[in-house]
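The values are calculated or read from the model by the stated rules, or taken from the named source; none is laboratory data. Not measured: the values here are computed from a predicted model. All Cβ positions, even for glycine, are placed from backbone atoms using ideal geometry, and neighbour counts span all protein chains on display.
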Amino acid sequence: MTRQPLEQHLRLHAFVGDWTGEEQLAPSRWAAGGPATARVSARAQLGGFFVEQHYTEEVQGRVSLQARAVFAWDEESRQFLLYWFDSYGFAPQQPGTGQWRDDTLVLTRVSSRGMARHSYRFEGADLYHLRLENSFDGGHTWQPVADGVYRRA
């Protein structure tokens, strides 16, 4: 018997497609801050159970960050998962976890470098917003890293 993706897996398909984004980066440990542009390409993978995202950010016409993300639904923990790999070279110690809240998927990653919170808010099928924040005190306070608006290409 072939297993089919659940409703939760299919919910992640909102990311599938090619996107262009305008971002505002906050000064951080990793970037000086300022405007950036992004290209995002996401595809359903492995029978639709996972979504793989390729992300490229440019600042002043030069690639400043590349990332690969894998979004998943974990039936056992009943959480959405985010595996994040980027050109800063840090390997994830564990996936980020989270839930959809109405039209927004909020995922939090924890590592020895602190916490990162990704909030993806969808406005229909062709527009989403991303707010990326960091916490270095266990989630008591959050600092903005990037705000972006992405439109289906």
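Counting just the residues of region 61-109 that are within 11 Å of the chain's Cα centre (by Cα) and among the aliphatic types (A, V, I, L, M), which one comes out nearest to Phe50 (Cα to Cα)?
Per the stated criteria, the residue is Val70.
Check Gln93, Gln99 and return the single one that is modelled with pLDDT under 95 and out of contact with any helix residue (DSSP H, G or I) (no Cβ under 9 Å at 6 or more places or on another chain). Walk me through it before giving the result.
Numbers: Gln99 fails: modelled with pLDDT under 95.
The unique qualifying residue is Gln93.
Taking Thr20 as the residue in question, decide whether it is of a type in the set (S, T, N, Q) and either farther than 18 Å from Arg151 by Cα or in contact (Cβ under 8 Å) with a residue 60 or more places away in the chain (or both).
Yes, satisfied.
Determine the pairs where a residue that is in a loop (DSSP other than H, G, I, E, B), located within region 116-140, has a partner that is buried (at least 16 other Cβ atoms within 10 Å of the Cβ) with Cβ atoms under 7 Å apart, the partner being 6 or more residues away or on another chain.
Gly139/Met115
Considering every residue within region 48-65, establish whether at least one is on the phi > 0 side of the Ramachandran plot and outside any loop (DSSP other than H, G, I, E, B).
Yes: region 48-65 contains one or more residues that are on the phi > 0 side of the Ramachandran plot and outside any loop (DSSP other than H, G, I, E, B).
Would you confirm whether or not region 74-86 contains a residue that is over 22 Å from Ala38 (Cα atoms), touching a helix residue (DSSP H, G or I) at 6+ places or on another chain (Cβ under 6 Å) and assigned to a strand (DSSP E or B)?
no
Looking at region 93-105, I want the residues that are surrounded by 13 or more Cβ atoms within 10 Å (Cβ to Cβ) and of a type in the set (S, T, N, Q) and have a partner that is modelled with pLDDT of 95 or more and not in a strand (DSSP E or B) with Cβ atoms under 9 Å, at least 6 apart or on another chain. Which pairs are those?
What qualifies is Thr97/Ser77.
Can you find a residue that is in contact with a helix residue (DSSP H, G or I) (Cβ under 8 Å, 6 or more places away or on another chain) and over 16 Å from Ser119 (Cα atoms) anywhere in region 54-70?
Within region 54-70, not a single residue is in contact with a helix residue (DSSP H, G or I) (Cβ under 8 Å, 6 or more places away or on another chain) and over 16 Å from Ser119 (Cα atoms).
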